[in-house]
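One structure is given below, encoded as structure tokens.
Just so it is clear, none of the values below were taken in a lab; they were calculated from the coordinates. What you see is a predicted model, and the numbers here were worked out from it, not measured in a lab. Cβ placement follows ideal geometry from the backbone for every residue including glycine, while neighbour counts extend to all protein chains displayed.
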Amino acid sequence: MATAGNAGSVPTMRMVAARANVSAMTVSRVLHGDPGVRPETRERVLAAVEELGYRRNEIARSLRVGHTTGLLGLVVTNLANPFYAQLALGAEAVIAAHGMRIILGNTGEDVEHERRLVDDFASRRVDGMIVVPAGSDHSHLSPDELADIPVVLVARPARDVSLDTVLIDDFGGAYTATARLIEAGHSRIGFLGLSSSVWNINERFRGFTAALKEADLKPNPRHIRRNRPDVAAAEKAARDLLTTRNPPTALFCANNLNTIGALRAMNALGVKAADHAAITIAGFDEIELADMLGLPLTLVSYDAQAIGREAARMLLARLNHDKEKPVPPPQQMVLPTRVIEFGSGASRSYRA
């Protein structure tokens, strides 16, 4: 692996060129098998490639300069979450109209796995990437590291790099949903969510606490549960909360998997529709059959496919940019949410 350059950085063609004391163009000629490169220069370049662990571009060999693969990479954090299926459908609908295709990778919220996936996609010469980043270090997504392959981030903003981004109004949605619980008479409201390292979950927690503060309420640390990445973990946390002394009368769940876990906990504890005064659930993201459960349920809704469509449009705009004109600055788009209340006859909807 790399023995030179910044620790932990992905080796670039420029780093190989510097190590071999040649130009980046000469490195490219060697990697493309140009017979016009002198043998001693070729050996020096290949030695630098080996020493630095530079990725060999396997697809580039079959491409002429200026051609593209027609592939876009989509990197997500949790394929078990239906949100990402809708995101992919939205993106695919846009790029398919341009004769392109998506290849998909799942990181499981593992930053190192994300780095490997991004590196692999780049070596396959994808024309661009849509990435839901797993951590706060986005240096491996910078144009310099990816040889100017354009990247659009989704759901979490760029850190220390300049990239196009599509976000959801996480704060506003969580604030409005929590405010609805308070208006319904709840003052002991618990929180189920993911790790504090996840930006959008922190925004939802910030909206949750802001709504409490505005009502002169304080979140009870005993009623807060973080690091609940799946339904089983959320169900266990919700059962613990609902069986403690003086339990919360409502729960705000930071994503759909946490909401499902909380509903399963209610079912396991025998909470029925007639017992709705005992516990009310609010959650971020829609869930299927919400209108058929017969329980008070407040959900933050948004168009997940629209997020994918907008990210794909941003990416295509970068790919189709006129090289003779100045590169436009990165764009950030925040898509709105709305809050829907179920369980009291016809559902009611509010703009967050």
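Side notes on the structure shown:
- FRET efficiency estimate (nearest 0.05) - Cβ-Cβ, E288 to K323, R0 41 angstrom: 0.35
- Global size of the chain as Cα Rg and Dmax, reported in angstrom: 24.3, 83
- For the range 111-253, the calculated P(r), taken from all Cα-Cα distances in 10 Å bins from zero up to the bin holding the longest distance, is 11, 33, 26, 18, 10, 2 percent.
- Normalised Debye scattering of the range 13-54 at q = 0.17, 0.20, 0.26, 0.31 Å⁻¹ gives log10 I(q)/I(0) of -0.33, -0.46, -0.79, -1.13, counting only Cα atoms as equal scatterers and leaving out solvent.
- Most fluctuating residue given options T12, T244, T337, as computed from a GNM of the chain linking Cα atoms under 10 Å: T244
- Top of D216, D144, D164 by mean-square fluctuation, Gaussian network on the chain, Cα under 10 Å: D216
- Net charge in the neighbourhood of S195 (other residues with Cβ under 10 Å of its Cβ; Lys, Arg +1, Asp, Glu -1) is +1.
- Net charge of the neighbourhood of E92, taken over other residues with C-beta under 11 Å away and scored Lys/Arg +1, Asp/Glu -1, is +2.
- Of all beta bridges that DSSP places with both ends in the chain, some 20 percent have antiparallel geometry.
- A Förster radius of 35 Å, combined with the Cβ-Cβ distance separating Q332 from E183, puts the computed FRET efficiency at roughly 0.65.
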